[in-house]
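> Can you keep this structure in mind? I'll have questions shortly.
The values are calculated or read from the model by the stated rules, or taken from the named source; none is laboratory data. Only a predicted model underlies this, so the values are computations on that prediction, with no experimental measurement involved. Backbone-built Cβ (ideal geometry, glycine too); neighbour counts: all protein chains shown.
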């Protein structure tokens, strides 16, 4: 007889919480947020406005200083006390690893040290599982020292740390092409290598011969009208020159070459082909960056109207519900949206992990694993 699944709410902690995308995903997956750390003032306002109104987030403590100013052990004693932490979430700021940074500009970036501060909390709180999210650039050769250190610390703390995996959000029902790296660690359980990670994608390209998978979700629905009272239903105001460029760009696609707007930077760097381009609503949207509301930064023009996408449309692409309100102006809100983990992607990953924690016995004390035993490729990075 199959074992009945538990409805128990597991305890989650969110580091580098931003506006709360990962926290919201955790709550939707059945976790309770115990505390979150974030020092961006607008993101904190957004987090409090939205996450703290939910039953599984209302008792969360928000720590609003730089993460490096906190002692993980003091926080454990003051906030968690006798409560055991089931999972630590978080994506350390990724600017130092961004693929948009050229040459060696990200090497030894002090922001990269935040990856290691994340693990200070892992050691102190000893969660059954930790899940770190970052941009694909973290896997570049130039950053190998940081990633190697992360794995070394995982081994010393008694965790089986899985190979870093790169997932595309569109493969999990998000209407967006967005690749991110996830690193999963499971504490001291000898069966950890048998855990299926990552979960199987739920969506694929049209024509894929897999009856179990749905077709990638197009982004057409995100352009449905928002409520009149939605304070995030706003977009950048453009000058007449830009509006004319948008008029020249054909609906549902179009790129810079159609707009007739050529700047010196475009001549020097031919890779800027998507700027001033329209989003194609028949396909998943492009990656929502921190500048996703600015058409000069990418393919962020409305499919048919002559302006950039609204904050609400960008948030919908990131699968935030319409009642999730972002605080701050256009730039601050766009940054929060672009930095967030897509809620639907986070939810699917965390549901998969939660089923393992509740029903599979994961994270129990046991053999101290050599996390590299089955992952030889990490011996030399």
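> So residue 176 fits all but one of (1) out of contact with any strand residue (DSSP E or B) (no Cβ under 6 Å at 6 or more places or on another chain); (2) in the same structural domain as residue 115 (by TED's automatic domain parsing); (3) closer than 24 Å to residue 331 by Cα; what number is the exception?
(1)
> Would you be able to say whether some residue in the stretch 211-227 is out of contact with any helix residue (DSSP H, G or I) (no Cβ under 8 Å at 6 or more places or on another chain) and under 20 Å from residue 21 (Cα atoms)?
No, every residue in the stretch 211-227 fails to be out of contact with any helix residue (DSSP H, G or I) (no Cβ under 8 Å at 6 or more places or on another chain) and under 20 Å from residue 21 (Cα atoms).
> Conditions first: (1) within 19 Å of the chain's Cα centre (by Cα); (2) under 22 Å from residue 322 (Cα atoms). Residue 91 passes all but one, so which condition is the exception?
Status for residue 91: all satisfied but (2).
> Then there is this: Considering only residues that are surrounded by fewer than 16 Cβ atoms within 10 Å (Cβ to Cβ) and either under 30 Å from residue 167 (Cα atoms) or without any contact (Cβ under 8 Å) to a residue 40 or more places away in the chain (or both), which ones fall in the stretch 221-231?
221, 224, 225, 228, 229
> Additional query: Every residue in the stretch 142-185 that is over 30 Å from residue 315 (Cβ atoms), free of Cβ contacts under 8 Å to residues at least 40 places away in the same chain and part of a loop (DSSP other than H, G, I, E, B), please.
Matches in the stretch 142-185: 157 only.
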